[in-house]
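What follows is a short report on a single structure.
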Amino acid sequence: MRFPRWVGKSYKVLIVGGVLAAGLMMGYLTVRLQPAYILAAVAMLPALLIALRWPESGVLALLLTAAFVRVTLPTGTQSRIVASLVLTALLVLLWLGRALMEKRPLLKPSSVNRPLMAILVVSVLSYIWGLIFRDPLVTPWRTWPIVQIAALAVMLLLPGALILTANTVPDLRWMKVLWWTMIGIGAGAMLAKWARADVRWINTGGLFSLWLVSLLYGQILFNQKLPTPLRLGFVGLLALWLYDRMILNTHWLAGWVPPMLAIGVLTFLKSRRGFLVFLIPAITFLVAYRGDYIQAIISGEATESGITRLAAWAVNWRVTGRHFLFGTGPAGYAVYYVSYFPSEAMATHSNYIDILSQLGIVGLACYLWFLGTSLVTGWRLQRALRGENGFAEGLAAGTLGGTCGVILAMALGDWLIPFVYTQTIAGFDYAVYSWVWMGAMVSLARAVLQQATEGRLQ
């Protein structure tokens, strides 16, 4: 068996051993598992080998897996482990192993490294803290330890997806591949939906719409090198998504308010006059439809979460107020709800309150630190590329707009970190889009610092 020159002796041993072990494991499990599991494992092995050679391809595989692979693993509970979570874990381990073998720094320089490391440390610490200081009257159920470990894994692996992207996607060429993949997923899902095909197997939930709209609009507005037919096609796709979210799914505020915020932010960055032009039709639209449209929004939000939001926070504070420093641990407040007031338990309708309850004020502070640092990184990146008028400037603006939308969406009840008893572990599929694209923003910011003076960004 011949290996490329870059493969050292340690890699050869790992690759040969891994292939042999995988073959033996597959043979053993073939008669014991469902065919879908076998096919997924067979597909994942070459994907990991490719990622070993080209680490950036792992992030592409992650996007495609989150979008299209619906194979899940059982946990013994109602929540199932999605393929994107498993792949993220394997890719992170592969990246760590490669970095350690090559004896190089794990993290490339970035201002988000410290808050990300703080989030990882506090998540583990809160898990241990929650176990040690759990109220003596709280009685967990049989599957509770599995659920809490799974919740901790989600809290660790989602930031891991950002770290993986920021440290393995090296240049603009690969960012273009990721961008086109995201747009292709959105275009395919929309075409299938308008053709009345079953689109449930395509994952466009959570904040997918926010990122699709922001990434599209960033190129439409800032990339002056786009051919006119392509620009018109992007405008058409953007209009279809906004129509689907704003008109056909009015009651889901998190589905269209964050994308509209991203559009407003990007328009403001491009032109102050353009922003005023954007506001006029937006206000006119709302005023013209105030009898039906605004009433539908208000009544829908009230029914869904508006009236119960403050009540939910009050109930949650009865637990969080006694575990304020490091919280109740990942998924921790659920066991308190069931033990103390099961008839009053309800979703928090706020990812910020959710994080506060699980990780305490220290954990929430770490997340706010991370979000603030991400905003500053995106702002500086956009200013550094101002006037470049190409793909890089459009991507910088799109990722900054998406980050702004994430901050708002978390307040509206959508998920940067999904809670396992509302979104379940499967919420990883929805949330990973945000972490990947914020990681791309971090990687692009580093590329600008390294390459801008050389004029190599196209």
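Quick notes on this structure:
- Peptides 233-241, 115-123, ordered by how many other C-beta atoms sit within 10 Å of their residues on average, highest first, read 115-123, 233-241.
- Each peptide among 165-171, 319-325, 441-447 gets the average number of other Cβ atoms lying within 10 Å of its residues, and from highest to lowest they stand as 441-447, 165-171, 319-325.
- Among TRP369, TRP129, TRP211, the ranking by other beta carbons within 10 Å of each residue's beta carbon, starting with the fewest, stands as TRP369, TRP129, TRP211.
- A simple spin-label model places the labels of LEU64 and LEU137 5.5 nm from each other, with each point 7 Å out along Cα-to-Cβ.
- In nm, spacing of pseudo-spin labels at SER271 and LYS176 (7 Å Cα→C-beta vector): 2.7
- Kirkwood hydrodynamic radius of the range 170-260, from inverse mean 1/r over distinct Cα pairs, in Å: 13.8
- The slack in the chain from ALA314 to LEU93, taken as 0.36 nm per residue of separation less the alpha-carbon distance, amounts to 75.5 nm.
- Size estimate for the range 307-375 follows the Kirkwood approach: the inverse of mean 1/r over distinct Cα pairs works out to 12.2 Å.
- A crude spin-label estimate for the pair LYS193 and LEU230, with each label 7 Å from Cα along the Cβ direction, gives 2.5 nm.
- Close amide-amide hydrogen proximity is noted between ILE81 and LEU73, THR75, each under 5 Å apart and 5 or more residues distant or on a separate chain (H modeled in the peptide plane; Pro and chain starts excluded).
- Shape metrics for the range 107-173, restricted to C-alpha atoms - Rg then Dmax, Å: 16.2, 56
- For GLU344 and ARG383, the difference between the fully extended length at 0.36 nm per residue and the C-alpha to C-alpha distance is 9.2 nm.
Any read-out appearing in this document is the output of simple, stated calculations on the displayed coordinates, not a laboratory observation. Since we're looking at a predicted model, the values are computed, not measured. Every residue, glycine among them, receives a Cβ derived from its backbone with ideal geometry; neighbour counts consider all protein chains shown.
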